[in-house]
1. Quick one: if the Förster radius is 56 Å, what FRET efficiency do A:A102 and B:L864 give, using the C-beta to C-beta distance and rounding to 0.05?
2. Just name one of B:G207, B:S388, B:Q306: the one whose Cα is farthest towards the positive end of the charge dipole of the protein assembly as shown (beta-carbon charges, Lys/Arg +1, Asp/Glu -1).
3. Beta carbons within 10 angstrom, averaged per residue: use that to sort the peptides B:520-530, B:27-37, highest first.
4. Testing the spin-label approximation: label points 7 Å from Cα along Cα→Cβ at A:I38 and B:L856. State their distance in nm.
5. Below 14 angstrom from the Cβ of B:L514, what's the summed charge of the other residues (Lys, Arg +1; Asp, Glu -1)?
6. In percent, what relative contact order does chain B have, based on Cα pairs under 8 Å that are 6 or more apart in sequence?
7. Over the whole of B:33-42, what's the average partner chain Cβ count within 10 Å per residue? Rounded to a whole number, please.
8. Report, as an integer, the average count of C-beta atoms from other chains found within 10 Å of each Cβ along B:57-69.
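Each reported figure results from applying straightforward, stated rules to the coordinates on display, with no laboratory input. Computed from a prediction, not measured in an experiment: that's the story for all the values here. Reconstructed Cβ throughout: ideal geometry from the backbone, glycine too, with neighbour counts over all protein chains shown.
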Amino acid sequence: MHSEPTTLLQGTLDMLILKSLVAGEMHGLGISRRIQQITGGTFVVKPGSLFPALHRIEEQGWISSFWGDSENNRRAKYYRLTKPGRRQLEVETRRWGRISWAIAQALQTS
Amino acid sequence: MPWFVKARSFFRNLLFWQRVEADLDAEVRSHLEMLTEEHVLAGMAAAEAQRAARIELGGIDQVKEQVRSERTGGWLQSVIADFRFALRQLRKSPGFTAVTVLTLALGIGANTAIFSVVNSVLLRSLPFSHASELLDISARSTYFDFTSLGLSLPDIADLRNSSKLLAALAVYQDSPKELAVDTPQRLEATAVSKDFFELLGFGPICGRTFGSEDMQPGSRSVILSYSLWRDTFGADAAVLGRTIMLDASPHTVIGVMAAEPALGFATDSKLFTPLIPTEAQLADRGNHAYSVIARLRPHITAARVQSELDTISARLASAYPDVDQGWSIHATPLKQYLLGDARTPLAILLCAVGFVLLIACANVSNLFLVRGWARRREFTIRAALGASRSVLIRQVAVESLVVAAAGGACAFAFAVWTVQTLRSILPPEISRLQEIRIDISVAWFTVGTSLLAALLSGLAPALLNTRGDLSLAVGETSSSGPVGGSGHNFLRQLLVVGEVALACILLIGATLALRSFGQLLRLDLGFQPEHLLTLRLDFPKFRFASPEPAIIFVHQVLESTRATPGVTAASAGLVFPMSDEVAETTFETEAMVADPKHAQQSALANRVAPDFFRTLGIPVLAGRDFSEADIKGNSPVFIVNATLAKKYFGSTDAVGRRFSTDFSSGHPVWGQIVGVAGNVRETNPQDDFKPQIYAPFYQTPRIFGVYLMVRSAADPAVLVPALRERIWSIDKNQPVTAVATLDQRIAEVHASPRSQTLLLGIFAALGLLLALIGVYGVMSYLVGLQTREIGIRMALGADRGRILDLFIVHGLKLTLSGILIGIVIGLALTRFMGSLLFGVSASDPLTYATAAVLLLVVAVAACLIPARRAARVDPIVALRCE
């Protein structure tokens, strides 16, 4: 009932979220800023994509959430990587490595 | 991903959705606040920071909606929301809801009711173990017109030895027994071979079934049926081992069978005795007196058994040409054998209710289309706001599902409530009728039918109503002329044509049944059934060792009966017209004997006492009736019917001609025709008249029992106690059975066509009513659409009559197309009714004309109200009505 045009990008977003949580637990805005930072500003994740992705990943069991206080003493929902999430990140990283290598190869051949 | 993580999320989302929602709301809001804070820290003014944060977030509700659609089980929540919305919509228009639900309830209810019958009668298996492996084995002869006759014991023994496909074979034989309780009783009983119960998998509730020791000559064991044990022996467990007097000899009760529903089979018997044949019976290959039931080896089909039986019967015919020539052996699955002809009428009824459902669905579909047209603005606005087509289709689908579910629920409740009534209108000869009940498979059928109804009635609206056309909805004002949805209009008219066609087929079917039944009622039976009573007297060997005392007894009973006040005539016969029994015999005339290539001819046969023809009201066309002088020792005489006289002697006046017959004497006897009687309808009133031979009862060489025929001046039923007393005053041990008036017996024969006609009539009336509503609906809709056009026409000078004609002609065009289609399909379908029709052809023009005219009249009536409304349109109001 709801089709995403770019599954590759969706998978990529999931991977980036998992990656951003390796350093430690973070709330939604923090994740979004972190992704922006680690991709050198290439990916700007809008809340409209971020929140559905977070909830999807949480339902997969790769991250877990809890309510905590932010640096400015504001109630915020924090996410942290779970063990299956860590494994999933490894899988995704390897897969992405293969894909990017393959695509680079493909684009280099004339 | 482990499934339980997903399942946990699914249930959490479903069960704690409020908490999940609150959590989401808090998260999004906190995010918004943090964004704002970020902007403030970056140096924005508070108001501007808020605005920027909102823009970046992109709308709280949109974000929430996106999260919701990602959730596990999110679709379920949307469907639930759709259901709530549908319920709200339906509650808002109770009239629409009531009409649609009721229409579907009628359609589904009719199907559920008929399915409950089909389920009990055709689908549910017999109450025996592995019942599908059971076969009836019967014989047919080229000499006799019976479809199933018994086999002889030597043939059965050969069959048992040579068949490789039959796992087991048991023999049984009707063997009624007399049991003296308060009055002499004659009970249905069956003599069975040792393996009979074992083969069926039918066991006793106490005691045991027959073992080898019970099958020895001289053994007198008996097994009681549950009903006899309960009704006559007070369900007393001490009955085991007790001695009871059967046919005036002591028998020991060894068991009581479990209760079973009546199946029209040997297991309905009140008593079971061991079948212990004599040496003579074991050797008599010509004695086709034994019924056979067999069990197939696993994975063998009845068809394979049949080809094996063909081989065996061919071998028997060549080995024993004098007795087995012309005989063949046939295997029929037991269920089919017991069902008989129940399949065709049920298939026709199922077809009829299927049509009713289709008409109901067409009507509901039409109503949904009208409503969709009225709600087109809502749909287009929703589409404009971003609802995808699939979401809109789902919404419409859910609405029709809700209506169909409500209809199905009403239908099921209705079926539960009417199942009792249904039993009383169905043809009584359908076996297992009393078993009809609403069980789980009927419930599933209702669910399935409701889903089908939802699909059928929701398909067109789902596709057409959701075809969002923005300009149409937003730009357009409320009701502007017939341009409104030409696709809609075309489809709606098509639905009405289809409905009329289906109703037409139903009407044709019902009219055919009605005309056929009318012919049956008007049928000249050849005798006068009014004020005629029959009673059966049986003369078993243990009371009447030779025929003479029985003949004397019958003579005495007749004398006494004729002397009873109220009796105007009395006689006796071995069989009588419209009884379940027929006797047949073979005969040859002198002309046939002279022809070397002649073959014996068969005829119906009866032995009757004097005054039989006057008692029944059968005219004696020539010669005389039998007299008291036509007794043993005097020359054999016969009376024949007009058909036989004409066919074999060239004229109705065949008095004095001679022929020979071996009727109930075992060897051909030559005799003279002394009278010719009128033709009489035997058992099946739909058959042609057959040749018939009557012989004097008092000359009978063998006698097993007679029917007394008593004609009275008033209601014959009141004579029964007096007649019984008079019989018992002659012989107090004589059971009197099968007491019924001829009118009762004829009502039984008519019961099946009557119920068929009644049910088809009900379904046709339903179909007609629904079609009427359909035509009315479409015509009023058209009038509504064209109000402005009518106004303009009137303003320009069209008179009211013309407007009226315009709409009626339009309605008639639709109806006529439907009728034409209906007649074509009807011609193809009613052929299957042929076997059930009597005296009317399946393509009877009068029937078709009646159905067409009736539909036309109804359609005109349905058009008249909207058309008159159109004709009464006030041009000023119509033009202003925008």
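1. Values: r = 77 Å, r/R0 = 1.37.
Efficiency at R0 = 56 Å is approximately 0.15.
2. B:S388
3. The packing order, highest mean first, is B:27-37, B:520-530.
4. 8.4
5. +2
6. Worked out over chain B, it gives 15 percent.
7. Mean partner shielding for this stretch: 3.
8. Working: counts 4, 4, 2, 1, 0, 2, 7, 2, 2, 9, 9, 2, 3.
Shielding by partners across B:57-69 averages 4.
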